[in-house]
Protein chains: 2
Amino acid sequence: MLSEFDLIQEYFQRPHHASRAILGIGDDCALLSPTPGMQTAISSDMLVEGRHFFAGEDALRLGHKSLAVNLSDLAAMGARPVGFTLALALPSAERDWLAGFSQGLFALADAHNIELIGGDTTKGPLTICITVFGELAPGRALRRGAALPGDDIWISGTLGDARLALAAYRGELAVPLTETEHALAAVRMHTPIPRVALGVALAEAGIAHAAIDISDGLVGDLGHILKRSGVGATLDVDALPPGPVLATRDLALRRAYCAAGGDDYELCFTAPAGARAAILAAGGSTVTPVTRVGTIESRPGLRLVDAHGAALDLGLASFDHFKS
Amino acid sequence: MLSEFDLIQEYFQRPHHASRAILGIGDDCALLSPTPGMQTAISSDMLVEGRHFFAGEDALRLGHKSLAVNLSDLAAMGARPVGFTLALALPSAERDWLAGFSQGLFALADAHNIELIGGDTTKGPLTICITVFGELAPGRALRRGAALPGDDIWISGTLGDARLALAAYRGELAVPLTETEHALAAVRMHTPIPRVALGVALAEAGIAHAAIDISDGLVGDLGHILKRSGVGATLDVDALPPGPVLATRDLALRRAYCAAGGDDYELCFTAPAGARAAILAAGGSTVTPVTRVGTIESRPGLRLVDAHGAALDLGLASFDHFKS
């Protein structure tokens with residue numbers, strides 16, 4: 001039987017990398033030495049079985065996704081990742097599960113050159129809580145409240161394939177996905193790629209105003225930017241870039257899943273029109289597609305329009321954990 | 001019906017205090033400006049219903065305890081608290097529960113002049129994950145691996161009353177507690193007081209070597225210090241200070257619950273004999289009783305002795321979340 005301490009030592013304690021963590025796992029606290037003059041960005045997300053992922057979800061994918069959704073918050077702030085803590089409740093200490101989970105977690109951590117610096121393990125319903133730390137220069141953060149009238153609205157990558165995979169799992173699709181289509185879409189649902197390089201490039205170059213990551217659906221998440229910035233917007237729904245699988249579906253589904261799919265983990269950000277060339281360059285240098293999809297306006301409210309500028313009513317609602 | 005966003009706004013978002021948090025709840029990340037030259041101490045704890053607290057536990061006490069156990073980790077490092085994040089899974093958004101929980105949480109936060117700077121709420125089995133941040137000067141941390149042969153072993157406050165309350169709830173006591181006794185002991189179990197002022201005083205004065213907070217029982221937690229420091233110890237079990245209720249019980253119960261009770265949230269720390277006067281002064285200035293209870297030795301292993309120095313075998317085991 002695997003004890004709590006063996007579990008941590010075997011699966012989560014790694015040879016000490018050269019990192020900013022002076023003291024990692026195994027003491028009362030982890031210690032970090034902040035880079036002089038930099039601010040610390042902090043985000044915490046909790047994933048619950050049956051809510052954020054299916055019971056029986058593959059452990060490796062889950063390890064990836066748990067860290068990815070947190071890194072996505074750093075990306076939306078433009079902060080460079082430094083390290084993270086992990087608090088984990090498990091029904092039992094299963095070696096296979098722990099090996100897969102830690103492998104998925106550390107593969108993504110290594111890709112961002114960050115370390116697990118501390119945490120907690122306990123028995124309980126499968127629940128994963130990661131708190132991630134990043135750094136950025138004062139005044140560079142991409143805040144939700146910084147959008148200005150006249151700003152372009154931009155989207156990274158593509159939207160909707162994660163929602164399409166969920167619809168397929170739920171049997172909601174009139175035209176089912178082929179096996180290949182399902183595999184492609186499922187990757188977007190299970191192993192999102194946080195847009196850290198783009199977020200950091202936008203913040204460090206000082207070319208974007210507001211940003212948010214799209215987790216609950218674009219319309220809802222953009223709504224947070226509008227509310228906190230005290231502005232409105234017109235969104236060209238037909239300019240939204242669908243994922244490769246969603247791109248083969250009919251217009252109504254494309255519009256609905258692009259505008260309010262959820263689980264996209266792309267960035268939605270705003271920037272002045274004069275920054276267009278710089279934004280395209282930042283997308284190019286970080287190998288991240290960026291698409292211009294609308295305009296911030298002083299008139300309150302979010303106006304959805306089609307490719308011809310005609311008003312669209314998609315009857316959309318954003319995801320709320322206590323309403324659905 | 002209370003939405004996720006209303007819930008955060010009503011119960012967890014407070015007028016922005018003057019604090020080190022530049023940006024608090026409501027953006028993708030919180031932002032902190034570390035004090036120049038200071039290190040950041042970080043600790044994360046997860047509390048699960050039915051594991052760390054009874055189902056139906058009073059929400060106000062739970063709000064207090066969730067933050068207290070995290071502050072206790074900062075205390076054991078000697079770090080001064082700065083702020084914390086809260087990730088919360090709830091079966092449903094009940095106003096009474098949220099009002100009580102947030103009241104207990106913020107009362108303790110206010111006592112330490114710290115702010116909730118961010119977090120996450122979701123639906124799920126009641127689970128509370130707090131990550132707490134503190135600061136301390138480089139080289140001042142009270143690490144588990146810093147005990148030296150010849151060090152005195154010290155305990156703050158008193159031990160065992162929390163374990164006594166648990167035994168009473170479980171009906172394990174041969175002589176039941178009176179109502180008054182139960183109320184006294186239960187306070188120690190439900191609303192532990194983290195020894196932050198003492199930990200900070202010890203670290204800032206540079207008079208202690210190693211420290212840990214006693215959450216799983218003294219013998220087990222002291223064992224972590226011994227293992228990481230590569231030393232042994234002799235512990236005078238009869239010198240351990242029992243809580244006021246446990247003090248009225250028989251010798252065998254006093255010894256067992258003082259040595260391995262659990263949930264005490266007192267500090268166990270080591271310091272050179274030359275620091276005795278300074279330690280007593282630190283206890284005095286922070287209004288925290290401190291008691292000398294043993295000696296660190298180069299010979300490996302933990303030797304339990306009675307008041308006459310005779311060996312004691314209490315047959316104790318520390319708490320392990322995956323073994324019990």
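What number of residues within segment A:182-204 satisfy the criterion of being assigned to a loop (DSSP other than H, G, I, E, B) and either of a type outside the set (A, V, I, L, M, F, W, C) or not assigned by TED's automatic domain parsing to the domain that holds A:Arg249 (or both)? Step through it out loud before you land on a result.
Going through segment A:182-204, the residues assigned to a loop (DSSP other than H, G, I, E, B) turn out to be A:191-195.
Filter once more, keeping what is either of a type outside the set (A, V, I, L, M, F, W, C) or not assigned by TED's automatic domain parsing to the domain that holds A:Arg249 (or both): A:191-192, A:194-195.
Number satisfying all stated conditions: 4.
Within segment B:90-99, is there a residue that is of a type in the set (D, E, K, R), closer than 17 Å to B:Ile42 by Cβ and more than 17 Å from the chain's Cα centre (by Cα)?
So far as segment B:90-99 goes, no, none of its residues is of a type in the set (D, E, K, R), closer than 17 Å to B:Ile42 by Cβ and more than 17 Å from the chain's Cα centre (by Cα).
Please go through segment B:112-130 and give me each residue that is among the β-branched types (Val, Ile, Thr) and either more than 10 Å from chain A (Cβ to nearest Cβ) or surrounded by fewer than 21 Cβ atoms within 10 Å (Cβ to Cβ) (or both), ordered by number.
Passing the criteria: B:Ile114, B:Thr122.
Taking segment B:259-291, which residues are more than 19 Å from the chain's Cα centre (by Cα) and outside any helix (DSSP H, G or I)?
Initial filter on segment B:259-291 (more than 19 Å from the chain's Cα centre (by Cα)): B:271-281, B:284-285.
Matches in segment B:259-291: B:Ala271, B:Pro272.
Can you tell me which residue in segment B:140-159 is surrounded by the fewest Cβ atoms within 10 Å (Cβ to Cβ), limited to those that are in a loop (DSSP other than H, G, I, E, B) and within 14 Å of another protein chain (Cβ to nearest Cβ)?
Among those that are in a loop (DSSP other than H, G, I, E, B) and within 14 Å of another protein chain (Cβ to nearest Cβ), it is B:Arg140.
Yes or no: segment B:296-303 includes at least one residue that is within 25 Å of B:Ala162 (Cβ to Cβ) and acidic (Asp, Glu).
Within segment B:296-303 (the criterion being within 25 Å of B:Ala162 (Cβ to Cβ) and acidic (Asp, Glu)), the answer is no, since none of the residues qualifies.
I'd like the residue in segment A:45-61 that is within 24 Å of B:Ile42 (Cα to Cα) and either of a type in the set (A, V, I, L, M) or modelled with pLDDT of 95 or more (or both) and, out of all such residues, is farthest from the chain's Cα centre (by Cα).
A:Val48
Tell me, which residue of segment B:86-99 that is farther than 24 Å from A:Pro91 by Cβ and buried (at least 19 other Cβ atoms within 10 Å of the Cβ) is farthest from the other protein chains (Cβ to nearest Cβ)?
Per the criteria, the residue is B:Trp97.
Return the residues of segment A:217-246 that are in contact with a Leu (Cβ under 8 Å, 6 or more places away or on another chain) and part of a loop (DSSP other than H, G, I, E, B); say none if nothing qualifies.
A:Gly217, A:Val231, A:Leu240, A:Pro241, A:Gly243, A:Pro244, A:Val245
Return the only residue of B:Ala99, B:Ala87, B:Ala93 being assigned to a loop (DSSP other than H, G, I, E, B), in the same structural domain as B:Gln39 (by TED's automatic domain parsing) and under 25 Å from B:Phe5 (Cα atoms). Before the answer, list the steps.
On the way: B:Ala99 fails: assigned to a loop (DSSP other than H, G, I, E, B); B:Ala87 fails: assigned to a loop (DSSP other than H, G, I, E, B).
The conditions single out B:Ala93.
So which of A:Leu240, A:Leu280 is touching a residue at least 24 places away in the same chain (Cβ under 8 Å) and either surrounded by 17 or more Cβ atoms within 10 Å (Cβ to Cβ) or in the same structural domain as A:Asp151 (by TED's automatic domain parsing) (or both)?
Answer to the check: A:Leu240.
Just for segment B:45-67: of the residues that are surrounded by fewer than 22 Cβ atoms within 10 Å (Cβ to Cβ) and aliphatic (A, V, I, L, M), which one is nearest to the other protein chains (Cβ to nearest Cβ)?
Across segment B:45-67, the extreme among qualifying residues is B:Val48.
Do we find that A:Gly261 is surrounded by 18 or more Cβ atoms within 10 Å (Cβ to Cβ) and modelled with pLDDT under 95 in this structure?
Values: surrounded by 18 or more Cβ atoms within 10 Å (Cβ to Cβ): yes; modelled with pLDDT under 95: yes.
In short, yes.
Please tell me if A:Ala162 is surrounded by fewer than 23 Cβ atoms within 10 Å (Cβ to Cβ) and not in a loop (DSSP other than H, G, I, E, B).
no
What single numbered condition from (1) within 11 Å of chain A (Cβ to nearest Cβ); (2) outside any strand (DSSP E or B) fails to hold for B:Ile42?
Here B:Ile42 clears every test but (2).
Filter segment B:24-39 down to residues that are at the interface with chain A (Cβ under 7 Å from one of its Cβ atoms) and touching a Leu at 6+ places or on another chain (Cβ under 7 Å) and give me whichever is surrounded by the most Cβ atoms within 10 Å (Cβ to Cβ).
B:Cys29
The values are calculated or read from the model by the stated rules, or taken from the named source; none is laboratory data. The model shown is predicted, which means the values in this text are computed figures rather than measured ones. FYI the Cβ positions are ideal-geometry reconstructions off the backbone, even for glycines, and counts take in every protein chain you see.
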